[in-house]
1. Which residue pairs have Cβ atoms closer than 6 Å, lie 6 or more positions apart in sequence or on different chains, and pair a first residue in the range B:86-97 that is buried (at least 21 other Cβ atoms within 10 Å of the Cβ) with a second residue that is in a helix (DSSP H, G or I) and among the β-branched types (Val, Ile, Thr)?
2. Exactly one condition in (1) surrounded by 14 or more Cβ atoms within 10 Å (Cβ to Cβ); (2) touching a helix residue (DSSP H, G or I) at 6+ places or on another chain (Cβ under 9 Å) is false for D:Asp65; which is it?
3. Return the pair list, or none, for Cβ contacts closer than 9 Å from residues in the range A:251-268 that are assigned by TED's automatic domain parsing to the domain that holds A:Leu29 to residues that are surrounded by fewer than 24 Cβ atoms within 10 Å (Cβ to Cβ) and assigned to a helix (DSSP H, G or I), at least 6 apart or on different chains.
4. Looking at C:Cys125 and the list (1) at pLDDT 90 or above; (2) under 21 Å from C:Gly347 (Cα atoms), which single condition is not satisfied?
5. Which members of the range B:159-192 meet the condition of being facing chain A (nearest Cβ under 7 Å) and of a type in the set (A, V, I, L, M, F, W, C)?
6. Here is a list of conditions, (1) closer than 18 Å to A:Gly143 by Cβ; (2) surrounded by fewer than 20 Cβ atoms within 10 Å (Cβ to Cβ), and C:Phe267 meets all of them except one; can you say which number that is?
7. Out of the strands (runs of 3 or more DSSP E) lying entirely within the range D:133-214, which hold 3 or more residues that are within 14 Å of chain A (Cβ to nearest Cβ) and of a type outside the set (S, T, N, Q)?
8. With the checklist (1) of a type in the set (D, E, K, R); (2) at pLDDT 90 or above; (3) touching a helix residue (DSSP H, G or I) at 6+ places or on another chain (Cβ under 8 Å) in hand, flag the one item C:Arg69 doesn't pass.
Amino acid sequence: MPVRAASVRRMVAPTVAVLGLLFGGGLLLAVLQTIGVSPFVGRFDVSLAAYRQVAGLPGLWASIVLTVWVATASTVLSLGIGVSAAVALRRLAADTVLGRATLFLFQANLTVPHVVAAVGAVWLLSQSGLLARAAFGLGLISGPQDFPALVYDRAAIGTILAYVWKEVPFVGVVTLSLLASVGDRPGQTARSLGATRWQAFRHVTLPQIRPGLIACGTIIFAFALGTYEVPALTGASQPKLLPVLAYEMFTSHTLADRPAAVALSLTTAAAGLGMILAWRSLLTGARR
Amino acid sequence: MTAIWSIATPVGDKPATVPSAAPTKRRAGLPLLLLVAWLVVPLVPVVLWSVARGWFFPALLPAEISLAAWARAFANGSDVWRALGTSVGVSAAAAALGMLIGVPAGRALGMHAFPGKRWVEMLVLAPILVPGLGVAMGLHAVMIRLGLTGTAGGVVLVFLVPVLPYVVLISASVFATHDRAFEAQARGLGASSWQTLRHVTLPMVAPGLSVAAAFAFLVAWSQYGLTLLVGGGRVITMPLLLGQSIAAGRNDLAGVAAVLTILPGLAVLVLTSTLLGRGGRR
Amino acid sequence: MMALRPVLAAVALTAIGLLASTPGHAAEPKPFAQIEAEARGGSVNFFLWGGDERINAFISGPVAEALERDHGITVNRVGVADTAEVVNQVLSETEAGVTDAGSVDLVWINGENFRTLKVGGLVLCGYARGLPNAGLVDWEDPSISTDFGTPVDDCEVPWSRANFAFGTDSARVATPPKTMGALIDWIRANPGRFAYPAPPDFNGSAFIRQLFIHAAGGPDAVAGPFDQGRFDAIAEKAFGLLEALEPSLWRGGETYPTSIAQLNQLFANGEVDFTFNYEPTVFGANVENGTFPPTTRSFTLDDGTLANTSYIAIPANARNRSAAMVLANALLSVDLQYEKARPDVWGMATVLDLDRLTPADADRFRAIPRHPAVVAPEQLADVAMPEPSAAWVTAIEARWKETIGR
Amino acid sequence: MSTVAIRSLTKRYGPGGAPAVDGFSLDLAPGSLTALVGPSGCGKSTVLKCLAGLVDADGGDVLIDGSSVLGLQPERRGVVLMGQDHLLFPHLDVAGNVGFGLRMRGEPAGNIARRVEEMLALVRLEGFGPRRPHALSGGQAQRVALARALIVKPRVLLLDEPLTSLDPELREEMRGLIRTVQRATATTTLFVTHDREEAVSVADGVALMLGGRLVQHGAPDAVFERPATRAAAAFFGASNILEGRFEGDRFVTAAGTLRLAAIGEGSATAVAARPEALILGARPGAENGLDGLVRSVGYRGTHTLVEVEIGGGVMLTVAAPAASHRSVAVGDRVRIALPAEALWPLSG
């Protein structure tokens, strides 16, 4: 049954059209807006003022550093914990209550929107949150001020933890499926050739699931770089994460801030993409 | 329950069930117990707040349990009813539209080689790698002009940007493992191309596609920034209602909104895995 | 930063210039009966800050019901996190060429947001004083005729009065400070027990103005149009004071709460000992709904607490102008003003001049009960001090961001 | 060169399940190649997994050079398992695969490279080091897997059906290679297979496993020609079984009395004979001659299988010379001879 090129074109055309118009078009309009071109109003005063405005934002560098820190830490921690959890889960017998509970929670957690994770993080981790109350009950602290500042803090620990809470199950489920496709036998073969459990994982299993994990980490990194609601609910007043900064500028009452807000979003996205590409080539380059 | 989302990653064809890996090591128990606790604990205050009244530091449990917030949520014409309706409607519409548009592309990517395939793949992957806020900001002016801002229709339209990649990628992986020999067999036995689709192809790919649909629904259900930007405050979904309750400083109402934001997703999960379970355990 | 400012100013001027070139928007004078007839069966999108459940319930409840019953008009309440977003929306719609089908029909507004709309020619004028219920308002009262120093000029309809007040837990702080100076001393003496939300939070911004006026030596020093020289002199003192205060604030001033809701949570859980609000009835409501401890009490400062009037305005590009006018008129009615003033509904003080009401109506307002956590209206009125003009407000916020919030 | 002693090894999967391995005992001489043979599902692979440490035994013990290894982690046992799938690591090239075990031990790179070359030479794959596993043929991949297993100088090499997935000609060649390499390295080896010809042709000793137990262990010809039980006889193709009773060196059956070269144990009630040991068309008066009726004739290329009914419903199968299918037809009366040396008493 040969498939004609025309029928394949018909199959992909709607997706290409919709993504091309909405995503590609949106991106193009965004870029135009940042350089002073508004085709719908007929304004063509090309300038880089928006980018200059972004470059001059007070506290911009602190925001950039914090955003990169949050995205990197969230990605690394999610991958580390998620992969370990998946490996532990695979080693556990199939029918234990604990194994089934973890698997269920992994999947259930995937359905929880990020905004709930952010709210849960605040209620759990703030200095008067549930953990602080437990610590007080145990006599570990004498008041909220003794509890470490885990949310609304300058290192954005609460933001990172909210992301990690959301992404660990994602990594876990992906890793389980990757491990299942590799199977147990390569690891066992390595063990019988004298590799320890860790060596077998490090040198045999991990290299085989690595491409999947890189994809997984890429998604988390890009997501943590561009999401508004989690840092908006868990972040400190200063410094703000870039998506929060961009959103606030976009909706401020001076319309003149808009091109700069868009420029900030685009620069973040471009820088993120650059980091992802660099990171990927570094990881794939380090493979041998 | 099998890991129904495992299909989301186009790797291998085996489901991510927990195998009886040998030898069984109980040492994995403690870390996993901690993991389970870590997964559950943040949801504890969420549920407690929904029935709490006057819950101040250092009380570990609410001094008073009150169903006032719940009563308010389920009162006639409450914000919660409206937001639930909006969320369900907008997410279902985005998922349905996404499936209609994305599944054929998934089939093409999963089963055929064609010129420009790499470009199509890149276009599909791009929205996952590029945060949507900038794109939505770019679209904003056009959408205002078309009268789409502040409308559910406009929100559904921009939701296609995050939804389509998942639909296309998941259905591509479904079709990639689908053996076309079965279709050839059916055609050889006298089935028309429509009959083949109806009686052979669809039943075989249905479980995978239902996962794609569930994923699409959940991706749309979780959106926040895009809804805020394009909905302009007039399209209030459950996540936004939760954000508003937090901004109003009403933790009890926020607790109710949070619980109601989680439940439909769980329902979709259970529904999907039950459906998949019925069609033979994967 | 220095090089940026002229660029910014130029961009802002270009944008505003473009918009201002559109001719002024005066409503055609029409008999109200005709407006009512046009509006019947229509709908109106009412945009207002959505951060208070009582406000949301009041609009979606009594207001919407009255409009539906009396005029067949559907009220769509649109809650926003910050009124600046509404201004932004009107601006961007107008820029995109939407001049008579805009999505905002009516907006709760005052201060710099109103000024932005008015300077841009984006607000409908010339109808407010002609509304049937406008006769119940004293339009000559300066606290009504100017909105943060911007003349109202028949471009918005007064709706509510608000007074800034502080709140504390009487179980923790038995005798709260009586003056701004005393409050500052208390903060120094009790490090870590005070916080204020970072601007652009509305209440946080008001607290900074409260302190700015204290540093200036009183409201008179910031009265009148904006003056850069005067501003710089006061700012040095005021922000020097705020900077010196930082180590004594919550978390040593390292970060600030990002919203009044966050400050309220800190207060409720005993992380800080004070909160404040531009709507003192919030203290009563929050005790009732369990957010604040029952021993919460609000108080004013003898050397003055800020007061303002807030308005409702119709953007020039509104689609449903007639329905918006009918709604504006209804919001000014004795019934809905009384409803709004009841503490179990919202508890927002009326803008009506009680002398212009029938004695029976006036008595209804006087007889409104007060929650023990809420400071008495007379007391609020006694110490009320006017807001500086919008340009001052903007400058104070901007300076805070440059010096403290970075 | 290590000795292996498996003592009453027991393993059941799941509580209450039937044991897969049931009190299995076996001794391997140092440097020997022992074939563990049996039908699929008899528990052979489980024995290997217990030895390699991939499953935990429920009972019994495994001693290598006299000390128990059951408590040791897999990598500490010196036991390498090589399976039917070569399981070469796809992310490593051939040299990386072969050198894997040495790298895990942290041997110096130069040392590893030298040893890898030696091992590749041993399996006749000189110069294959930089190739990727997916670029190898099935036989080449198996040879790499063998090199990878032997480079770590295991105390015991376990081969689990290593040749099953290969073509018949290749299988023959690989068998020879395994034998050569095993001899060259003198590695004590346990070779699991379900193919009886493979077992007897490759091994020093053959162990037959049925239903989780060891049934017979001995030299290949001994096991092949002198099965211990009916089941063993059936497995090794000694398909002619005659029931009767012993009277000294005489065995009395319904079809007649036969003389045996061996003497049956007291309780034995049957003898077995391989089809190829029987003689079709025996002269009258030849020893142990029986008359019968030809029931079927099947041409097999190298020989012709003739089924003869000798009365009382008893059937004997004779592997006759190939040409016989032209001279014998169904319904013919024939006489067959059962040489005394070909008859072997069964004990159970």
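The values are calculated or read from the model by the stated rules, or taken from the named source; none is laboratory data. What you see is a predicted model; the values in this text were computed from it and never measured. Every residue, glycine among them, receives a Cβ derived from its backbone with ideal geometry; neighbour counts consider all protein chains shown.
1. Hits for this filter: B:Val90/B:Val155; B:Val90/B:Val156; B:Ala94/B:Val156; B:Ala94/B:Val163.
2. For D:Asp65, the exception is condition (2).
3. none
4. So the condition that C:Cys125 fails would be (2).
5. Hits for the range B:159-192 are B:Leu160, B:Val161, B:Leu164, B:Val168, B:Ala184.
6. (2)
7. Numbers: elements: D:156-160, D:188-193, D:205-210.
The qualifying strands (runs of 3 or more DSSP E) are D:156-160.
8. Condition (3) is where C:Arg69 drops out.
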